[in-house]
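Undergrad: Next up is a structure, given as structure tokens.
The values are calculated or read from the model by the stated rules, or taken from the named source; none is laboratory data. Since the model is a prediction, treat every value here as computed from it, not as a measurement. Virtual Cβ from ideal backbone geometry, glycine too; neighbours counted across all protein chains shown.
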Amino acid sequence: MVLQTIWFFLWGLLWALFFMTDGFDFGIGTLYPFLGKTDQDKRIMINSLGPLWDGNEVWLITAGGVTFAAFPTVYAVMFSSMYSALMLILFALILRGVSFEFRGKVDDPRWRKIWDTCIFIGSFAPALLFGVAFANIFKGIPIDHNGVYHGTLFTLLNPYGLLGGVLFVMLFLVHGALWLAIKTEGDLHERTVSVANKLWPVLLGVVVIFLIASRFSTHLYDNYLAHPALFLIILITVFALLSIKFFLTKRAFFKAWFASALTIVGSTFFGIVGLYPNLFPSSLNPRYSLTAQNASSSPLTLKIMLIVVIIFIPIVIGYQIWTYNLFKGKVTKDDLSYDEAY
Amino acid sequence: MVRHDFNAEVRGLKDFPKDERPPVLLSFFSFRTMVALGTLFPLLTIIGWFKRNRLVESPGYLKIMLWSIPLPYIAIELGWVLAEVGRQPWIVYGLMKTSDAASPIASSQVLISLIAFILVYSLLGAVGFYLIVKNARQGPAPEAVPEAAAEPAAA
């Protein structure tokens with residue numbers, strides 16, 4: 001049915017938008033202990049995403065909400081089978097969110113150290129775990145005909161799952177470094193650019209390994225081989241990945257960041273398109289897989305929600321662009337003197 | 001009124017089979033405490049309105065207000081307790097029992113996450129409380145002194 005297919009790709013798009021936006025905060029949070037030498041560096045790093053990170057996490061809520069409303073069976077099975085992993089993500093995100101707020105409230109190095117650690121863990125852990133979770137979805141999850149999961153948290157930490165985790169961490173690190181390069185100046189800026197230059201070849205290597213490993217660990221390429229035109233998605237993604245380096249060398253940081261955003265969206269869609277029509281494939285038996293057809297809500301629900309989404313998603317995108325525009329420009333030492341600064 | 005019809009029969013608790021009754025004691029006290037608090041708040045507000053011009057001279061009233069800060073939170077929590085406990089054994093009233101809605105996951109996982117929630121929320125609650133007390137102790141920021149503008153800049 002057409003509605004189910006539309007919702008399948010909307011589901012993929014919302015996850016892709018979440019990775020594209022919150023991805024750079026996860027990256028900056030992970031780079032934080034390495035690039036933030038002084039308290040001022042750290043505050044500039046936090047303030048570079050201060051007005052944006054919580055808006056970015058709106059996409060996580062919409063992606064989760066869409067999974068719940070459009071594919072309730074997937075929501076139920078996903079949250080049960082990945083219970084521990086998703087709980088870890090949740091706690092990491094809680095700690096990260098409060099750390100930004102709490103850190104600046106007391107002027108004591110020990111106090112700040114605690115929240116610095118939480119910012120790092122709260123950024124690195126979700127980046128890794130989202131990658132692990134999605135790589136496992138690409139690969140297939142051991143679920144039976146009732147959607148009951150036969151495995152533990154450690155089942156998810158298989159080599160391909162971990163490779164997916166590393167891929168996400170690398171994507172977000174590059175994405176974060178580029179955002180920080182846009183937002184900073186002086187010494188921190190130069191160190192950030194140098195880190196971005198060092199991270200890029202690693203990302204390239206991980207992407208190549210991931211594309212090859214996907215051939216052996218997943219059935220993602222079946223759709224591509226059946227419809228060779230789809231290989232365009234991989235080509236565009238690889239092209240975007242190469243343009244990051246091109247723009248980085250020319251010190252066109254915004255363009256490089258944009259190319260990195262496209263790389264993240266493209267990487268997500270590489271998996272989503274390969275999965276179709278599966279949302280949550282079973283590794284035990286393909287007949288147990290949850291698909292856009294057997295796991296969706298009623299056509300009426302999908303239709304009503306489609307109207308809602310067509311109205312509200314552009315509004316959300318609109319106000320987010322407005323926010324980004326409002327807070328464009330570099331974060332400087334002077335910006336830190338505002339009472340509202342983190 | 002419950003059924004949006006004045007003539008409808010209101011069924012008492014005893015009309016329901018025993019295994020479809022919620023824990024009564026908890027629902028009973030959470031509802032009544034919530035309503036009592038809900039009556040107290042407008043009363044305090046009305047008293048405050050009469051005293052509005054001499055609040056500083058009413059230390060007793062100010063003390064009551066200070067100690068009332070936790071009460072709205074308690075009322076909110078009690079409302080939740082009533083809604084969640086009072087609905088049992090249903091998770092979706094009349095459609096699905098709570099026991100049928102439980103996920104097929106090991107109870108150890110649920111126990112660990114429950115303990116983690118209690119720990120993290122207690123920790124964050126304690127930190128939040130510490131910061132609020134610290135800020136309250138500092139008192140309000142000194143008001144801008146109007147005379148200062150008139151004086152020559154003494155930088």
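Undergrad: Which of the residues belonging to the range A:131-154 are crowded, with 17+ Cβ neighbours inside 10 Å and either modelled with pLDDT under 85 or within 12 Å of another protein chain (Cβ to nearest Cβ) (or both)?
TA: Of everything in the range A:131-154, those that are crowded, with 17+ Cβ neighbours inside 10 Å and either modelled with pLDDT under 85 or within 12 Å of another protein chain (Cβ to nearest Cβ) (or both) turn out to be A:143, A:147, A:149.
Undergrad: Given the conditions (1) among the aliphatic types (A, V, I, L, M); (2) at pLDDT below 90; (3) in a helix (DSSP H, G or I), which single one is not true for residue A:28?
TA: The one condition residue A:28 does not meet is (2).
Undergrad: Looking at this structure, is residue A:99 assigned to a helix (DSSP H, G or I), touching a Cys at 6+ places or on another chain (Cβ under 8 Å) and within 13 Å of chain B (Cβ to nearest Cβ)?
TA: So residue A:99 passes the test.
Undergrad: Which one is farthest from residue A:174 (Cα to Cα) among residues in the range A:32-51 that are polar (S, T, N, Q) and surrounded by 18 or more Cβ atoms within 10 Å (Cβ to Cβ)?
TA: So, considering only residues that are polar (S, T, N, Q) and surrounded by 18 or more Cβ atoms within 10 Å (Cβ to Cβ), the one farthest from residue A:174 (Cα to Cα) is A:47.
Undergrad: Now, a different point. I'd like to check something: does the range A:177-188 contain any residue that is in contact with a Lys or Arg (Cβ under 9 Å, 6 or more places away or on another chain), outside any helix (DSSP H, G or I), charged (D, E, K, R) and touching a residue at least 12 places away in the same chain (Cβ under 8 Å)?
TA: Checked against the condition, which is being in contact with a Lys or Arg (Cβ under 9 Å, 6 or more places away or on another chain), outside any helix (DSSP H, G or I), charged (D, E, K, R) and touching a residue at least 12 places away in the same chain (Cβ under 8 Å), the range A:177-188 yields at least one hit.
Undergrad: Hey, can you tell me all the residues within the range B:84-126 that are more than 11 Å from chain A (Cβ to nearest Cβ), surrounded by 12 or more Cβ atoms within 10 Å (Cβ to Cβ) and of a type in the set (Gly, Ala, Ser)?
TA: B:86
Undergrad: Now a separate question. Would you mind stating whether residue A:339 is modelled with pLDDT under 85, acidic (Asp, Glu) and in a helix (DSSP H, G or I)?
TA: Taking the combined requirement at face value, the residue does not satisfy it.
Undergrad: (1) buried (at least 21 other Cβ atoms within 10 Å of the Cβ); (2) within 11 Å of chain B (Cβ to nearest Cβ); (3) over 22 Å from residue A:340 (Cα atoms): which one isn't true of residue A:115, the others all being true?
TA: (3)
Undergrad: Only one residue in B:20, B:84 is within 26 Å of residue A:87 (Cα to Cα), outside the structural domain of residue B:132 (by TED's automatic domain parsing) and of a type in the set (Asp, Glu). Which one?
TA: Testing whether each residue is within 26 Å of residue A:87 (Cα to Cα), outside the structural domain of residue B:132 (by TED's automatic domain parsing) and of a type in the set (Asp, Glu) leaves just B:84.
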